[in-house]
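> Once you've had a glance at the structure underneath, I'll fire off some questions.
Derivation of every value follows stated rules applied to the coordinates shown; laboratory data play no part. Note that this is a predicted model, so its numbers are computed, not measured. Here Cβ is always computed from backbone atoms with ideal geometry, including for glycine, and neighbour counts include all displayed protein chains.
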């Protein structure tokens, strides 16, 4: 199947506009998700054998393997029910904003096959929290899923920074009941001003408000606190990361996702004149460096979801060795095919067994 994808399907898809190919992928995965018996058969076929099976337990959840589908692929909760069938151990939908929005003008996604990279400036195009909540209400809920589901929240573009907290709270109120864990995305480079929320003062206001709402929800519904993670940019300096980690510790977040896409243009990208976040192989080294730094500073006590430039099992193992608890992929799947997660899970588990 991998050979067929790389030699046939990828060549056909790469002849299409990047975003159109993405839409076809989501449509195909959504269709598969509606075929529950087929999904169960595929899941059984792609499941790790008993000799390699090593589930991961973190922030109160159990993951059948360490590989997840990153936010950005399934923005509107259409395709995620098929993720386990493809070999994923968790999936993260979004980014979802309180208000529906079309995103930035097209074209806004660009492939660079020679570098195994993508630049995107999508701009949080999504149906909005109300529509996504309605869709999730008709799908398997917490406790009835094959794998954990994360919900990634961002700021609506029309909401000014001084109203960002209220905007995130509106999304939290609509979507928290459907999430196994929730992510606050303050690191996309494609919403003006968003990354300013990574500064200590606004970050403290945001995390304080979200965790207060989390406690109120837990008390009113007699449930536990929902795990909340923060997703950061790879372009932060280490002192800026220190500040974010202090705020995370202050409000008791469950973990951190490192990292989002980068505004840097390393190597051959120095001459590329496309705005947006760069993902894929060029991000590998920097994201791993940040994972290692966070693991060291926190003495390995803060769960880290590592994402950025994972293109093979060696890259995945590198991030786990640096201190990541779980991993996520997206760009790698564009270049390696729909069963990339299965291959990574097998490769990582075999590697860990040999260690």
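> What distance in nm separates the two pseudo spin-label positions at residue 53 and residue 271, each 7 Å out from Cα along the beta-carbon direction?
About 5.3 nm, to one decimal.
> Still on this model: Nearest 5 is fine: what % of DSSP beta bridges in the chain come out antiparallel, could you say?
Close to 30 percent.
> Highest mean first, how do 316-324, 34-42 rank when packing is the count of other Cβ atoms within 10 Å averaged over residues?
316-324, 34-42
> Turning to a different aspect of this structure: Please tell me the relative contact order of the chain in percent, rounded to the nearest whole number, where contacts are Cα pairs under 8 Å and at least six residues apart.
With pairs under 8 Å counted, the relative contact order is 18 percent.
> What is the spin-label model distance, in nm, from residue 199 to residue 3 if the labels are put 7 Å beyond Cα along the C-beta direction?
Roughly 5.6 nm, to one decimal.
> Let me ask another. Order these peptides, 332-342, 114-124, by their mean beta-carbon neighbour count within 10 angstrom, highest first.
332-342, 114-124
> Oh, and also: Which value at 222 nm does the chain reach when only helices count, each DSSP H run of 4 or more adding -39,500 (n - 2.57), with the total divided by all residues and rounded to the nearest 500 deg cm²/dmol?
So the calculated ellipticity at 222 nm is -11500 deg cm²/dmol.
> Continuing with the same structure: If you take the beta carbon distance between residue 162 and residue 62 as r and set R0 to 30 Å, what does 1/(1 + (r/R0)^6) give as a FRET efficiency, to the nearest 0.05?
That pair, residue 162 with residue 62, gives E of 0.15.
> A follow-up question, please. Just report the Cα centroid separation between segment 282-355 and segment 1-38, whole Å.
Segment 282-355 and segment 1-38 have Cα centres separated by 24 Å.
> Here's a follow-up. If you take every DSSP beta bridge whose two residues both sit in segment 230-355, what share of them, in percent to the nearest 5, is antiparallel?
In segment 230-355, approximately 10 percent of DSSP beta bridges are antiparallel ones.
> Report the relative contact order of segment 131-234, percent, no decimals, based on alpha-carbon pairs under 8 angstrom and at least 6 residues apart.
Computed value for segment 131-234: 30 percent relative contact order.
> Given the convex hull over the Cα atoms of segment 244-355, what projected area results after averaging over all orientations, in nm²?
8.1 nm²
> Roughly how many nanometres apart are two label points built 7 Å out from the Cα toward the Cβ at residue 11 and residue 299?
In this crude label model, residue 11 to residue 299 measures out at 5.6 nm.
> In nm, what is the difference between 0.36 nm times the number of residues separating residue 289 and residue 106 and their Cα-Cα distance?
Net length gain for the segment: 62.6 nm.
> While we're here: Output the peptides 18-29, 215-226, 171-182, 294-305 sorted from most to least packed, where packing is the average of other Cβ atoms within 10 Å over each peptide's residues.
Descending mean neighbour count gives 171-182, 294-305, 18-29, 215-226.
> Give me 75, 155, 62 sorted ascending by neighbouring Cβ count inside 10 Å, so fewest comes first.
Listed from fewest to most nearby Cβ atoms, that is 62, 75, 155.
> Here is a further query. Along its three principal axes, how long is the chain when you only count alpha carbons? Whole Å, largest extent first please.
50, 50, 42
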